[in-house]
1. Being within 9 Å of the ligand (Cβ to nearest atom) and either of a type outside the set (Phe, Trp, Tyr) or modelled with pLDDT under 95 (or both) is true for just one of 40, 59. Which residue is that?
2. Of all the residues that make up segment 106-119, how many are open to solvent by less than 30 Å² (accessible area, probe 1.4 Å) and within 19 Å of residue 151 (Cβ to Cβ)?
3. Scanning for something surrounded by fewer than 16 Cβ atoms within 10 Å (Cβ to Cβ) and small (Gly, Ala, Ser), does segment 61-79 turn up at least one residue?
4. Select, from 68, 79, the only residue that is of a type in the set (A, V, I, L, M, F, W, C), under 19 Å from residue 43 (Cβ atoms) and within 17 Å of the chain's Cα centre (by Cα).
5. Exactly one condition in (1) under 18 Å from the mean Cα position of the chain (by Cα); (2) within 13 Å of the ligand (Cβ to nearest atom) is not met by residue 97; state its number.
6. What is the residue count in segment 126-143 for residues that are out of contact with any Leu (no Cβ under 6 Å at 6 or more places or on another chain) and away from the ligand (no atom under 12 Å from the Cβ)?
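The values are calculated or read from the model by the stated rules, or taken from the named source; none is laboratory data. What you are looking at is a predicted structure, and each value in this text was computed from that prediction instead of being measured. Glycine gets a Cβ as well: all are built from the backbone with ideal geometry, and neighbour counts include every protein chain shown. Just the protein is used for accessible areas: all its heavy atoms, side chains included, with ligands, DNA and RNA removed. Shrake-Rupley method; radii C 1.70, N 1.55, O 1.52, S 1.80 Å.
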Amino acid sequence: MKAAGRESTPSVEYMNARDTYDEIADHYDDFVGGAEYRVPAWLIGEIRSKYGSDGKKAPLAVLDMGCANGYLGRCLTEAGVMEARFFGCDFSRQMVEQCRSLGGYELVLIHDLNHGVPMVESRVFDVVLACGCLEFLDSCDEVIRGTHRVLKTGGSALLTFEHRQSPDESDDTAGSGGDRRLDARARSTQEVETLLTSHGLTLRSMHTDIGYRSPTTGANVPYIFVHAERGQ
Ligand SMILES: C[S@@+](CC[C@H](N)C(=O)[O-])C[C@H]1O[C@@H](n2cnc3c(N)ncnc32)[C@H](O)[C@@H]1O
């Protein structure tokens, strides 16, 4: 998800993302609350569909990549869908400090996902999240390769990608044309499927929808929502 700084520039360049997220770290919940962000509800539904409505088979070990201030962990905990031990990483120092001080995550690392998944043992996580952050990466190959590596057999990767739509699908009335220069980071559903399967992940579900509404431009930003699993 792209954020704008306090100066309300139309949208942040990907190159400035770290500075921008540092800047909004102390009010990230307000930012995301004003964005009609659809990821939490989707995550809650996917976790329920996999682990059952009480989700109490746990505690599940969850790696939240691009965790910001731990917003998603709090959403999942408050929804009561899982008992979990959350681990996070983010390249914004201020976000990591917020996440540590708000609590709920056992360990939070400053880490740039352009270097892949943090060096942890293989097959340790039941769930890996990468939501609202993959559109910032130069390439997703390393991060998806690492996701497969750190997932336990049968574990779930819950990922969002910015969706590159065909011109007739795009919502120009909402102003999405303003972000065209950023489209290079968006993907088609076919590209996402190929990316995941080439790294050994199996699709459990995939759908496209609005991911969020930009608080600054008002544009609806299309996402691909993916639930993939590690078979072996
Ligand atoms: C829109 S927020 C999403 C936060 C959280 N996952 C959520 O869904 O609410 C994007 C987060 O990704 C982080 N991020 C962006 N690029 C990153 C990178 N290369 N490595 C690590 N974190 C990154 C930002 O610092 C920011 O905290």
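1. 40
2. Count: 4.
3. The answer is no, given that none of the residues of segment 61-79 is surrounded by fewer than 16 Cβ atoms within 10 Å (Cβ to Cβ) and small (Gly, Ala, Ser).
4. 68
5. Among (1) under 18 Å from the mean Cα position of the chain (by Cα); (2) within 13 Å of the ligand (Cβ to nearest atom), the lone unmet condition for residue 97 is (1).
6. 1
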